[in-house]
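For reference, the structure is listed below as structure tokens.
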Amino acid sequence: MADFKFEIEDDIPVPPDFHTGLRKYPFAEMKVGQSIFLAPEYEDESVKRLGNRVAQARQSYQKKMAKLKTPVQFTQRIDTKDDIMGYRVWRVS
């Protein structure tokens, strides 16, 4: 087993969280009945991978809002727009 050596340091400020305020998807701005279409972001991204990525983001946002006592619900389906296959996400409540 390797010996790891760590230097314990004092007074190193914590950098700002780069996630603060940045959201990839506009779930917070969506009203009930509104939807967004999401296409694959890069050439090699499959529709299935896109669906998994969107589902994870959607579920994380729903859990976050439930903890804040402001539950929201979204659903997603495979959809096509301008001959591009992707996913459409609807806010349903």
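The values are calculated or read from the model by the stated rules, or taken from the named source; none is laboratory data. Predicted, not measured: the structure shown is a model, and the values here were computed from it. Because the Cβ atoms are built from the backbone with ideal geometry, glycine has one as well, and the counts that use them run over all protein chains shown.
Miscellaneous remarks
- Taken over region 26-84, residues that are touching a strand residue (DSSP E or B) at 6+ places or on another chain (Cβ under 9 Å), in a loop (DSSP other than H, G, I, E, B), surrounded by fewer than 13 Cβ atoms within 10 Å (Cβ to Cβ) and among the hydrophobic types (A, V, I, L, M, F, W, C) amount to 1.
- Answer residue from region 57-93, given it is out of contact with any helix residue (DSSP H, G or I) (no Cβ under 8 Å at 6 or more places or on another chain) and of a type in the set (Ser, Thr, Tyr) and is farthest from Arg23 (Cα to Cα) among those: Thr80
- The lone criterion from (1) over 14 Å from Arg88 (Cα atoms); (2) assigned to a strand (DSSP E or B); (3) among the hydrophobic types (A, V, I, L, M, F, W, C) left unmet by Ile12 is number (2).
- Taken together, the criteria place Met1 among residues that are modelled with pLDDT under 95 and of a type outside the set (Val, Ile, Thr).
- If only residues of region 15-69 that are small (Gly, Ala, Ser) and either in contact (Cβ under 8 Å) with a residue 40 or more places away in the chain or touching an Asp or Glu at 6+ places or on another chain (Cβ under 6 Å) (or both) are counted, the one that is nearest to Trp90 (Cα to Cα) is Ser35.
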